[in-house]
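The values are calculated or read from the model by the stated rules, or taken from the named source; none is laboratory data. Predicted, not measured: the structure shown is a model, and the values here were computed from it. Methodologically, a virtual Cβ is constructed for each residue, glycine included, from the backbone with ideal geometry; neighbour enumeration extends over all protein chains shown.
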Amino acid sequence: MRRLLPSYESLVDLREAYGATRQRHASGRPTIGLCMVMSIDGSTVVEGRSTLLSNPTDRDVIVALRAAADTIVVGAGTIREQMYTPPSKPGLRVGVVTRTANLDFASPLFTSGSGFLIMPQDAKQPNCQLEIEIIRAGLGNVDLHAAMAQLPGNFIQLEGGPMLNASMFDANLVDEINLTISPMVTGADSPRLSNGAPALHRDYQVAHILEHDGFLFIRYVRKTS
């Protein structure tokens, strides 16, 4: 792994590169960083899975970001498709954004106590035997501002999918983007980074660009005026 920007370095420590100190936002919520992989032509999945775009170094980047995170937030569809398991970092929990709680509560993510739900206030109580923590905010849909403000710590790792990303961008809640570009063109009408987002103008600046085996690892942070 080498760093191309802001200055060249032939060997990079990923935990150091992605372990920047984050603080809670001025509004009271944690800093929120989106982590995604995409192809050169913008697809976030191949044959329905993001893992086919990834490589071992990309997974090392995710581990480094999770080491810095206090909470992971992810959409219910991604949980089902990627079959999430408990994070390796002790105490790191996964908040699943959902309106219906149509999830496998017998999976290790929930039986371990690592998973919790983020739901609207008026959503039905999940049909499961476990006692699962639920963060509730909003009516009909999750009020993302109010929900994120209820989460502990300084840094939330947002891990998709594209529809949740779109809602987070629309709410202007994404403070940094940690993007892996896979050296692959996929074609097809595949999901992009923020499917369903309205027209937006959110400015970011490059914090670093790393490269390994043709993969680019770019960290963007919100541009300040």
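Residues in segment 64-78 that are in a strand (DSSP E or B) and not hydrophobic (A, V, I, L, M, F, W, C): Thr71, Gly75.
Filter segment 197-223 for residues that are touching an Asp or Glu at 6+ places or on another chain (Cβ under 9 Å) and part of a loop (DSSP other than H, G, I, E, B); which is surrounded by the fewest Cβ atoms within 10 Å (Cβ to Cβ)? So the residue we want is Pro198. Among the residues making up segment 172-195, those that are within 30 Å of Met148 (Cα to Cα), in a loop (DSSP other than H, G, I, E, B) and modelled with pLDDT of 90 or more are Asn172, Leu173, Val174, Asp175. Summed over segment 24-57, the residues that are at pLDDT 90 or above and under 26 Å from Phe110 (Cβ atoms) give a count of 8. Looking across segment 50-62, the residues that are over 10 Å from Cys35 (Cβ atoms) and in contact (Cβ under 8 Å) with a residue 40 or more places away in the chain come down to Ser50, Leu53, Ser54, Asn55, Thr57, Asp60.
Yes/no matrix, rows are residues, columns are (1) in a helix (DSSP H, G or I); (2) in contact with a helix residue (DSSP H, G or I) (Cβ under 6 Å, 6 or more places away or on another chain); (3) surrounded by 20 or more Cβ atoms within 10 Å (Cβ to Cβ):
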{"position": "Gly28", "(1), (2), (3)": "no, yes, no"}
{"position": "Met38", "(1), (2), (3)": "no, no, yes"}
{"position": "Arg80", "(1), (2), (3)": "yes, no, no"}
{"position": "Ser88", "(1), (2), (3)": "no, no, no"}
{"position": "Thr100", "(1), (2), (3)": "no, no, no"}
{"position": "Leu109", "(1), (2), (3)": "yes, no, yes"}
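Tell me, which residue of segment 126-157 that is among the polar types (S, T, N, Q) and closer than 22 Å to Asp70 by Cα is surrounded by the fewest Cβ atoms within 10 Å (Cβ to Cβ)? Result: Gln150. On the stretch given as segment 183-225, residues that are touching a Lys or Arg at 6+ places or on another chain (Cβ under 8 Å) and in contact (Cβ under 8 Å) with a residue 24 or more places away in the chain total 10.
Looking at Met184, Met163, just one residue is of a type outside the set (Asp, Glu) and over 19 Å from the mean Cα position of the chain (by Cα), and that residue is Met184.
Looking at Val221, Val142, Val185, Val206, just one residue is of a type outside the set (Ser, Thr, Tyr), closer than 27 Å to Glu47 by Cα and in contact with a strand residue (DSSP E or B) (Cβ under 8 Å, 6 or more places away or on another chain), and that residue is Val185.
Among residues of segment 108-121 that are at negative phi, none has a Cβ under 7 angstrom from a residue that is surrounded by fewer than 18 Cβ atoms within 10 Å (Cβ to Cβ) and in a helix (DSSP H, G or I) at a sequence gap of 6+ or on a separate chain. Answer with yes or no whether Leu139 is modelled with pLDDT of 95 or more, assigned to a loop (DSSP other than H, G, I, E, B), assigned by TED's automatic domain parsing to the domain that holds Arg93 and more than 19 Å from Asp13 (Cα to Cα). Spelling it out, Leu139 is indeed modelled with pLDDT of 95 or more, assigned to a loop (DSSP other than H, G, I, E, B), assigned by TED's automatic domain parsing to the domain that holds Arg93 and more than 19 Å from Asp13 (Cα to Cα). Taken together, the residues in segment 203-225 that are charged (D, E, K, R) and at pLDDT 95 or above amount to 2.
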